[in-house]
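Student: Below you will find the structure I want to go over with you.
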Amino acid sequence: MKIKIISLEDEKSISFKNSSLGFEIVDNNSKYYKVEQDIVEISYLLEKDVNIENYNLKNNSDIILIVAKSFEGKNIEIIKKIKSKYNIIVAIGDVNLSDKYTRDEFNKLNNVLIVAELKKENKIDLKLLSLILKNKEIFNKSSIEKQRSTILIDSNESIGKVVLSLLEQFNYIQNNKEYNLYLYSKDEIGLQELAYLEDPIREYIYDEATLKIDTFTNEDITDKNYFVVFEAK
C-alpha cells in the first residue's frame with residue numbers, strides 16, 4: 001500500500017515515529033518511509049504554499065491522509081479545500097466541539113481519526129497508522145468516498161488505561177449507533193480483560209447501539225502494549 005500523508009504542521013510540531021522503519025529517504029519537502037510492506041510519503045504543507053496541486057496527491061497513492069494537531073482556524077480551511085478535490089482521511093489530535101462553526105465543519109468530514117498521542121505528545125506511530133489503514137473492515141475505497149466514521153486511536157500499556165483514554169474522548173462519538181472496536185496486542189486477550197474493556201463502554205452508548213469487538217495479535221507489538229482502534233458510525 002502507498003500512503004500519502006500531508007502534514008499541516010512543521011516537523012517540530014508533529015513527529016512520525018517507528019522503531020522498525022525499512023528506510024528513510026528525504027526529497028525536497030517530502031520524506032519516504034518503508035513500514036513493513038507499505039510505502040509512506042510525508043509532505044509538509046507550508047502556510048505560504050496554498051497550491052495543493054504541487055503535492056501530486058493523485059500520484060499513485062492508495063490513501064491520502066491529512067494530519068493536524070488541532071481542527072481549527074486555517075487548518076479547517078485547508079482541509080475543506082483539499083476535501084473538495086480529493087477523497088481523504090483526516091487525522092487530528094483535538095477538536096473544540098464547543099465552538100459551533102468548528103463542530104459543524106467537523107461533522108461534515110467523512111472519515112476522521114482522533115489520535116490521542118498526537119494531542120498528548122505531538123507524535124504519530126507509523127506502524128499503528130499502517131495497521132489501521134490496511135484494515136479493510138474499516139477502510140476501503142467505497143467507505144472513504146461515501147461513509148462517515150469517526151475513529152479514536154490510542155496505545156497504552158494496560159487495558160485499564162485504554163478504557164480511560166477512550167472514555168475521556170467519548171464526546172467525539174457519543175451519538176452514534178454502531179461501534180466497532182479493534183484491539184491489537186502481542187498475545188491473545190483473555191475473556192476477563194475483554195469484559196473489563198466492554199462493560200464500561202456499554203454504559204456510555206445508547207441501549208439500541210451495537211458494539212462489536214475484534215482482537216488481533218501481532219508479534220511486532222511490545223509485550224506490555226495495546227493498540228486500540230474504536231470506530232463509530
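The values are calculated or read from the model by the stated rules, or taken from the named source; none is laboratory data. Given the structure is predicted, the values throughout are model-derived calculations rather than measurements. Cβ coordinates were reconstructed from backbone atoms using ideal geometry, including for glycine residues, and neighbour counts include every protein chain displayed.
Student: What helices (runs of 4 or more DSSP H) completely inside region 94-136 contain at least 1 residues that are modelled with pLDDT of 95 or more? Break it down stepwise before answering.
Tutor: Working: elements: 100-107, 116-121, 126-133.
Counting at least 1 such residues, we get 100-107.
Student: Restricted to region 38-79, and to residues that are in contact with a helix residue (DSSP H, G or I) (Cβ under 7 Å, 6 or more places away or on another chain) and assigned to a helix (DSSP H, G or I), which residue is modelled with the lowest pLDDT?
Tutor: So, considering only residues that are in contact with a helix residue (DSSP H, G or I) (Cβ under 7 Å, 6 or more places away or on another chain) and assigned to a helix (DSSP H, G or I), the one modelled with the lowest pLDDT is I52.
Student: Quick one: in region 157-182, of everything that is at pLDDT 90 or above and among the acidic types (D, E), which residue is nearest to I213 (Cα to Cα)?
Tutor: My answer is E178.
Student: From N135, N111, N96, N122, which residue is outside the structural domain of F16 (by the TED database) and within 21 Å of D154 (Cβ to Cβ)?
Tutor: Checking each option against the conditions leaves just N135.
Student: I'd like the full set of residues that are of a type in the set (D, E, K, R) and either over 21 Å from the mean Cα position of the chain (by Cα) or surrounded by 13 or more Cβ atoms within 10 Å (Cβ to Cβ) (or both), limited to region 174-193.
Tutor: Matches in region 174-193: E178, K186, D187, E188, E193.
Student: Would you confirm whether or not region 176-187 contains a residue that is in a loop (DSSP other than H, G, I, E, B), outside the structural domain of V95 (by the TED database) and closer than 23 Å to N111 by Cα?
Tutor: yes
Student: Taking region 194-220, which residues are outside any strand (DSSP E or B), among the charged types (D, E, K, R) and under 20 Å from the mean Cα position of the chain (by Cα)?
Tutor: The first filter runs over region 194-220 and keeps only residues outside any strand (DSSP E or B), leaving 194-209, 218-220.
Imposing the further condition that a residue be among the charged types (D, E, K, R) reduces the set to 198-199, 202-203, 207-208, 219-220.
Answer for region 194-220, where residues must be outside any strand (DSSP E or B), among the charged types (D, E, K, R) and under 20 Å from the mean Cα position of the chain (by Cα): just D220.
Student: When only residues in region 10-30 that are surrounded by 12 or more Cβ atoms within 10 Å (Cβ to Cβ) and of a type in the set (A, V, I, L, M) count, which is modelled with the lowest pLDDT?
Tutor: L21
Student: Being in a helix (DSSP H, G or I) and farther than 21 Å from I63 by Cβ is the filter here; which residues of region 144-171 pass it?
Tutor: Matches in region 144-171: I159, G160, K161, V162, V163, L164, S165, L166, L167, E168, F170, N171.
Student: Can you name every residue in region 88-98 that is exposed (fewer than 15 other Cβ atoms within 10 Å of the Cβ) and touching a residue at least 24 places away in the same chain (Cβ under 8 Å)? Let's see the steps before the verdict.
Tutor: Taking region 88-98 and keeping what is exposed (fewer than 15 other Cβ atoms within 10 Å of the Cβ), we get 96-98.
If the condition is that a residue be exposed (fewer than 15 other Cβ atoms within 10 Å of the Cβ) and touching a residue at least 24 places away in the same chain (Cβ under 8 Å), then N96, L97 are the ones that fit.
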